[in-house]
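Visitor: Can you keep this structure in mind? I'll have questions shortly.
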Amino acid sequence: MATAKTRTSSFCRNLSSAAPSLGPGLKCGPNGMVFLSSGIPDLDKVLGGGFPLGSLVMVMEDAEAPHHMLLLRNFMAQGLIHGQPLLYASPARDPKGFLGTLPSPAASKDDKSREPDPHQEKGLRIAWQYKKYFGENQLNFDGQRDGKHEYSNEFDLRKPLERHLIIGQRIDCVSIQDSSDLSTLQDRCATFLSQLPRNDGSISCAGRITIQSFCAPQCAYSNMEWEMLSFIRSLKSMIQSSNSVAIITFPPSLLSPSFGKRWQHMADTLLSVKATQDEDKELAQLITGYQDMVGFLNVHKVARINTQVPVILEATTFSIKLHKRRYLVIECLNQAPVDGSSGASYGTSGSCSSSSKTGNLDF
Amino acid sequence: MNQRSSSLLDEALGLDQVIEPWPLRGRVLTIEDRVETSGSFVLHHLLKRSLSPNSSNVSILIAFSQPFSHYDRVLRKLGCNLVSQRDNGRFLFFDMLKLQCPVGDEGITPGGGLIALFGKIHKTISALPEISRKNVSIIIDDLSLMEVAANGSSNYVLDFLHYCRTLTSEFDCSLITLNHEDIYSIEDGRTFLLQMEYSTDILIKVEPLATGLAADVHGQLTVSNKGRNKASNFHFKVKENVVECFYPGRSRD
């Protein structure tokens, strides 16, 4: 495969770096990337494995809804399950309080009930959603193993994370509300990352940095646009030479458009979340399962490290659902079949004779 | 075979004819991309062409965006070994990931970041043997990050670029820069971009298709070559080892 136009010696495969040993919660990917899980198995699948070490993930918040917190909770909980050190910065006075809301992994027998059964009786609809089920079935076999050794867990949002996983772990919480400049946060990040240097070879431990609502108006530095950008740039360069992933969430409406674009270019992986409106009849007709959705997740950019080939996803908009109000699920959007008649085509018209066996259509 | 596939791009740049003397000598080349379509592949392609074994070009990559390992892996798949080129002295990597000008520094003090960088470039080129000095390419990835390093003073960055342009006349260097068009296309930010576009010889725009992104066609390239008074537009698809360029409606050249 390698065209040996130049000196041959430098194209010899470096045998010593074959299959480095990886710590918990890490897996190898193409191009020498090592992934860690986002905490949401569906999202890992969409992104081609997870978040690569050394990358910066940015999530554009919906300023009117806290859905980005769903992503952050799972991200942080996943790291704690694997014993990965965590740095959490938020505009709250006491960021530690947020740790109490982290979810616990779901018991494995609950995983399988994700198949949306209510759709079974509407026989015609299955045909439209066929593709959705086809891909899912192949990947649900991991549920049987012990939670700790899985790369990626399903989290039960109603069950808080066990205390022993929070206490006695390397967790550093920083409040960014009162910082007039970003030097404290930068130093804390630098200290945190210096424990996780990248060198060729095995990776025993990976770290996670979570910065929530970075340009929130209650932070004293939030009008210092160039300083914030410098911070992000220096964080990114520190991350690139360490075994960590950083995730920054921010409300883009609070940045000027030009700076918003600069932030977007900084990200290796760029996502955005948006809440669904409560009563949007038009969308409810267009998309199946609209009532169960809490929001939309958009994947704008997928990290391309060590490669120049862009990732083109089949779909970039996904629905965020809370299955049984406990499990966070990211799904493809499914267009509802267009009704020929104006009324419901599955219900009986009522005026027909009583012999209408209008039960389930059997195919 | 590789030559054939990127020939539309090479043709538009004037690289399809002879490789010696380097056709981009003394020219300024600007690549503009967007969030949806990254233009780094054009940089990689140019770097690979400039380090082709038939010439004695020297390339200096001033990297604000990625570490050496990233470029090494990418170029290796394109058929160019940066490590051995670096050992030969044909490739110089200036790691600028951590460069940050101190706040309040307008570049007046000689120690200031960008002035020092220019000094270093000048010194490096002057120190090259006579034969290589005539064929130097300076590649900057990317300019928007240079602005961040300079704490937002785009005048400072423009001055730096102006100085670099003097190198194109003094030493016959080529200057290749990458920038993000969508940052500047809003409101008051256009000045920087317009100044860059005005003084550039070849402008390469990397944009998505009007219909959005697709798996078969990653976007479109528009190359405006002032030297040849020519503009070309075609589609591209980026692969690991080559960039395929083709006219709309065809899958291959």
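Residue by residue, here is whether (1) without any contact (Cβ under 8 Å) to a residue 12 or more places away in the chain; (2) within 12 Å of chain A (Cβ to nearest Cβ); (3) surrounded by fewer than 19 Cβ atoms within 10 Å (Cβ to Cβ) holds:
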{"residue": "B:Leu61", "(1), (2), (3)": "no, no, no"}
{"residue": "B:Phe64", "(1), (2), (3)": "no, yes, no"}
{"residue": "B:Pro67", "(1), (2), (3)": "no, yes, yes"}
{"residue": "B:Tyr71", "(1), (2), (3)": "no, yes, no"}
{"residue": "B:Leu78", "(1), (2), (3)": "no, yes, no"}
{"residue": "B:Arg86", "(1), (2), (3)": "yes, yes, yes"}
{"residue": "B:Phe93", "(1), (2), (3)": "no, no, yes"}
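Visitor: Just checking, which of B:His218, B:His235 is within 12 Å of chain A (Cβ to nearest Cβ) and touching a strand residue (DSSP E or B) at 6+ places or on another chain (Cβ under 7 Å)?
Guide: So the residue among B:His218, B:His235 that is within 12 Å of chain A (Cβ to nearest Cβ) and touching a strand residue (DSSP E or B) at 6+ places or on another chain (Cβ under 7 Å) is B:His218.
Visitor: Among the candidates A:Leu328, A:Leu322, single out the residue that is farther than 15 Å from A:Ser272 by Cα, away from chain B (no Cβ under 14 Å) and surrounded by fewer than 20 Cβ atoms within 10 Å (Cβ to Cβ).
Guide: Only one candidate qualifies: A:Leu322.
Visitor: Quick one: A:Ser272 ticks every box in (1) small (Gly, Ala, Ser); (2) closer than 20 Å to A:Phe75 by Cβ; (3) assigned to a loop (DSSP other than H, G, I, E, B); (4) in contact with an Asp or Glu (Cβ under 9 Å, 6 or more places away or on another chain) except a single one, so which number is it?
Guide: Evaluating A:Ser272 over (1) small (Gly, Ala, Ser); (2) closer than 20 Å to A:Phe75 by Cβ; (3) assigned to a loop (DSSP other than H, G, I, E, B); (4) in contact with an Asp or Glu (Cβ under 9 Å, 6 or more places away or on another chain) leaves (3) as the failure.
Visitor: Return the residue satisfying two criteria in turn: it lies in the stretch B:149-158 and is touching a residue at least 12 places away in the same chain (Cβ under 8 Å) and part of a helix (DSSP H, G or I), and of such residues it is farthest from the other protein chains (Cβ to nearest Cβ).
Guide: Across the stretch B:149-158, the extreme among qualifying residues is B:Leu158.
Visitor: Could I ask something else about it? Can you report the number of residues in the stretch B:199-253 which are of a type in the set (Ser, Thr, Tyr), at pLDDT 90 or above and not in a loop (DSSP other than H, G, I, E, B)?
Guide: Selection size over the stretch B:199-253: 3.
Visitor: Give A:Ser213, A:Ser194 a once-over and let me know the one that is modelled with pLDDT under 95, surrounded by fewer than 19 Cβ atoms within 10 Å (Cβ to Cβ) and either farther than 30 Å from A:Ile81 by Cα or in contact with a Ser or Thr (Cβ under 9 Å, 6 or more places away or on another chain) (or both).
Guide: A:Ser194
Visitor: Next up: Scan the stretch B:159-185 residue by residue and report those that are more than 14 Å from every other protein chain (Cβ to nearest Cβ), part of a helix (DSSP H, G or I) and among the charged types (D, E, K, R).
Guide: Passing the criteria: B:Asp159, B:Arg165, B:Glu170.
Visitor: Here's a follow-up. Sort out which residues of the stretch A:275-305 are of a type in the set (S, T, N, Q) and either outside any loop (DSSP other than H, G, I, E, B) or modelled with pLDDT of 95 or more (or both), and write them in order of number.
Guide: A:Gln285, A:Gln291, A:Asn298
Visitor: Restricting the search to the stretch A:239-262, which residues are surrounded by 22 or more Cβ atoms within 10 Å (Cβ to Cβ) and either free of Cβ contacts under 8 Å to residues at least 24 places away in the same chain or assigned to a helix (DSSP H, G or I) (or both)?
Guide: Across the stretch A:239-262, the qualifying residues are A:Ile239, A:Lys261, A:Arg262.
The values are calculated or read from the model by the stated rules, or taken from the named source; none is laboratory data. Nothing here was measured: the structure is a model prediction, and the numbers come from that model. Methodologically, a virtual Cβ is constructed for each residue, glycine included, from the backbone with ideal geometry; neighbour enumeration extends over all protein chains shown.
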